[in-house]
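The values are calculated or read from the model by the stated rules, or taken from the named source; none is laboratory data. Computed from a prediction, not measured in an experiment: that's the story for all the values here. Virtual Cβ from ideal backbone geometry, glycine too; neighbours counted across all protein chains shown. Only protein heavy atoms, including side chains, enter the accessible area calculation; ligands, DNA and RNA are left aside. Shrake-Rupley method; radii C 1.70, N 1.55, O 1.52, S 1.80 Å.
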There are 2 protein chains.
Amino acid sequence: MGEKSARQTRPTLMDVAKKAGVSRATASLVVRKSPLVGAETRAAVEAAMIDVGYVYNVGAAGMRAARSRTIGVIIPNLSNPFFGVLLAGIDRIVDGAGLATFIAHSGESPAKQDGFVTRMREHGVDGLIVCPAAGTGDDFVPRLKRWGMPVVEALRTVGGGAVDYAGMDQRGGMDGAVARLAELGHDRVGFVTANLYHSAHDERLVAFRAAMARHGLQAVTEIEIAPTHAEAAALAARMAGAADAPTAWICHNDVIGLGLHWGFSDHGVVPGRDVSLIGFDNVAETDLVRPGLASVATEPGEIGVLAARLLLRRIETPDADVEILTVPTHFVERASVGAVRG
Amino acid sequence: MGEKSARQTRPTLMDVAKKAGVSRATASLVVRKSPLVGAETRAAVEAAMIDVGYVYNVGAAGMRAARSRTIGVIIPNLSNPFFGVLLAGIDRIVDGAGLATFIAHSGESPAKQDGFVTRMREHGVDGLIVCPAAGTGDDFVPRLKRWGMPVVEALRTVGGGAVDYAGMDQRGGMDGAVARLAELGHDRVGFVTANLYHSAHDERLVAFRAAMARHGLQAVTEIEIAPTHAEAAALAARMAGAADAPTAWICHNDVIGLGLHWGFSDHGVVPGRDVSLIGFDNVAETDLVRPGLASVATEPGEIGVLAARLLLRRIETPDADVEILTVPTHFVERASVGAVRG
DNA sequence: CTGAAAGCGCTTACAG
DNA sequence: CTGAAAGCGCTTACAG
């Protein structure tokens, strides 16, 4: 009585084999698309699979084969669309290779990040793509390697160790930005960086200084703030009335750039006329504000694709040489940039 | 010669048991934090785990226990930050329960969505949270249920079947928006919807009509476009010069709203003064444009939390009653809304 | 090209 | 509270 049909056990390879009148090993070969099995046998097995409603059990297969056909991705911040696009790029390649992706977001917390690494090891992921949280310790990657975990860093790198990496070359876009400012007569240029410390933070600062030197300019200010719209707007409010303030600002990212745009605008300082503003990342919002926010662009989806390819290769050949891949960046001019006021 | 140390096999529960001088079953009880084992034995096993560097093998455990401690999430579009926040909410609950999350994005393609469902079944996920791609067939959820897969829909629902659902109640915010327009004297109001068909599309349109009727207004126009900034801007360009155009527009989402904002602004029609604009979703950008874009707000993270809780409950008790949960929405006024011009 | 046996690392009853 | 045996669903050698 009472249809207590607990979760019905799903058909196994043995069920398929019986139905098709072959051994389990043969059925397994068909599932794995091995060329070792004859066309007729293959057809019989495939028909049987459909017949019994067979679903491949990746977990069981992985246990014997010592790989899980999964990878893990750890991202610092899922609400930033930049990372969403990165993730989409990763997923496209990983899915194409027949693997599935575990995702976790660290919220820029190294402790949470460590927790996710443990969880993913327990799930036996075949490899890991990490964009390390700000403040991640130098031992993070060496520890992963000691465990024999294939790992690729994306966008940021920690510890300077030898590890596959896919990121962006900040220099091209930064140089384009500074060159344009020089051309427009700016010689009082400020830089606003974020108070989150990771390699991209440093790279952008270094690239800024190098570009400034190359164009014979000197930075009048380098300011560090929390990378939120509100903090940046507050900075703009302070600068709006200041004497000797820079006539142009380059920002670590568009969040800060848009915040400055907002803050200056609300204090009657018009971007592109009274002050020049340049962001970084070229997110969609840069095109929506008026005047548009000039920015430095790259292709986050492409970085994701490269990172995924690096990881698949590392899983395939653990002893391959370390590869560092960077995609170029370029300056995208918009109306927030203009000639210095006479 | 040559340290060919292939991937070292990691320690098993047997290694831990030997080290601690107990049987494998006892070690297993310690790992699973069973209260059946004595404090002294527990301590010895825990020490041994650290000693040998034990990592729990969730896959092997799951195979025997017939659950994987994983769930799958299928999202239509990862580059929309709204879904990023939803995902973060899901992850927080799922992680808290000790499970890991597979993620896939369908790109609004039902075919890709089916592929991911298969992949996730093969990986033996314990359940699925889906925001169905536009155009998903009515049989989608029934099929999952026939397979015995616990499933929760988020934000959108298809087929009208009995399935757990976490979404938003469009009506409150829509009514607030229309009420405010009526108050400001608008009686020529248009609605711009997206050409992607899913339940939220219909709900918003129905809510719009109901609110208009309630406030004694009549829609002069309902237009359907592709939900991109550019398409919306093009629509604004056509409307900018049109006689009898609505004096206020409500949009299916902020992408369309921001596109209209951009298009009108670039044609000298100032939002809030010459035309009133209201979006939907209250994404961060609404606060960055000038004048700010009024919108209807909800809490995507909260929807994620609810969806995750529904799924965990469904996995726990497969026969529980179906639950439909909606979080409220509310109108957020900004300067893009103003009195109708005399 | 196909089949019988062993084993991946765990958990589940079942005895004690 | 602890131990010995069987089995989850697959793949891997090894024979034929």
Apart from one, (1) touching a residue at least 12 places away in the same chain (Cβ under 8 Å); (2) more than 34 Å from the chain's Cα centre (by Cα); (3) buried (at least 16 other Cβ atoms within 10 Å of the Cβ) all hold for B:F83; the odd one out is (2)
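Please find, among A:A211, A:A207, A:A177, A:A194, the residue that is within 19 Å of the chain's Cα centre (by Cα), at negative phi and crowded, with 19+ Cβ neighbours inside 10 Å.
On the way: A:A211 fails: within 19 Å of the chain's Cα centre (by Cα); A:A207 fails: within 19 Å of the chain's Cα centre (by Cα); A:A177 fails: within 19 Å of the chain's Cα centre (by Cα).
Testing whether each residue is within 19 Å of the chain's Cα centre (by Cα), at negative phi and crowded, with 19+ Cβ neighbours inside 10 Å leaves just A:A194.
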Q.
Against the definition (small (G, A, S), open to solvent by 50 Å² or more (accessible area, probe 1.4 Å) and more than 7 Å from chain A (Cβ to nearest Cβ)), how does B:A48 come out, yes or no?
A. no
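Can you go through B:S109, B:S23 and tell me which one is within 14 Å of DNA strand C (Cβ to nearest atom) and not assigned by the TED database to the domain that holds B:V255? Break it down into steps so the answer makes sense when it comes.
On the way: B:S109 fails: within 14 Å of DNA strand C (Cβ to nearest atom).
Exactly one residue qualifies, and that residue is B:S23.
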Checking A:G72, A:G59 in turn, the sole residue that is more than 12 Å from DNA strand D (Cβ to nearest atom) and either aromatic (F, W, Y) or open to solvent by less than 50 Å² (accessible area, probe 1.4 Å) (or both) turns out to be A:G72
Pairs returned, first residue in region A:36-54 that is touching a residue at least 24 places away in the same chain (Cβ under 8 Å), second residue that is of a type in the set (G, A, S) and surrounded by 13 or more Cβ atoms within 10 Å (Cβ to Cβ), beta-carbon separation under 7 angstrom, 6 or more apart or interchain, are A:A44/A:A20; A:V45/A:A20; A:V45/A:A27; A:A48/A:A20
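Yes/no per residue for (1) of a type outside the set (D, E); (2) within 16 Å of DNA strand C (Cβ to nearest atom):
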| residue | (1), (2) |
| --- | --- |
| B:P11 | yes, yes |
| B:V16 | yes, yes |
| B:S34 | yes, yes |
| B:E46 | no, yes |
| B:I50 | yes, yes |
| B:V73 | yes, no |
| B:P76 | yes, no |
| B:P81 | yes, no |
| B:V85 | yes, no |
(1) open to solvent by less than 40 Å² (accessible area, probe 1.4 Å); (2) in contact with a strand residue (DSSP E or B) (Cβ under 7 Å, 6 or more places away or on another chain) all hold for B:V305 apart from (2)
Requested in this report: Answer yes if at least one residue in region B:101-117 is over 17 Å from A:G96 (Cα atoms), touching a helix residue (DSSP H, G or I) at 6+ places or on another chain (Cβ under 8 Å), among the hydroxyl-bearing types (S, T, Y) and part of a strand (DSSP E or B), and no otherwise.
Outcome: yes
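In region A:59-79, what residues are free of Cβ contacts under 8 Å to residues at least 40 places away in the same chain and either at the interface with chain B (Cβ under 9 Å from one of its Cβ atoms) or touching a helix residue (DSSP H, G or I) at 6+ places or on another chain (Cβ under 9 Å) (or both)? Talk me through it step by step, then tell me what you get.
Kept after step one, since they are free of Cβ contacts under 8 Å to residues at least 40 places away in the same chain, are these residues of region A:59-79: A:59-61, A:63-66, A:77-79.
Matches in region A:59-79: A:G59, A:A60, A:A61, A:M63, A:A66, A:N77, A:L78, A:S79.
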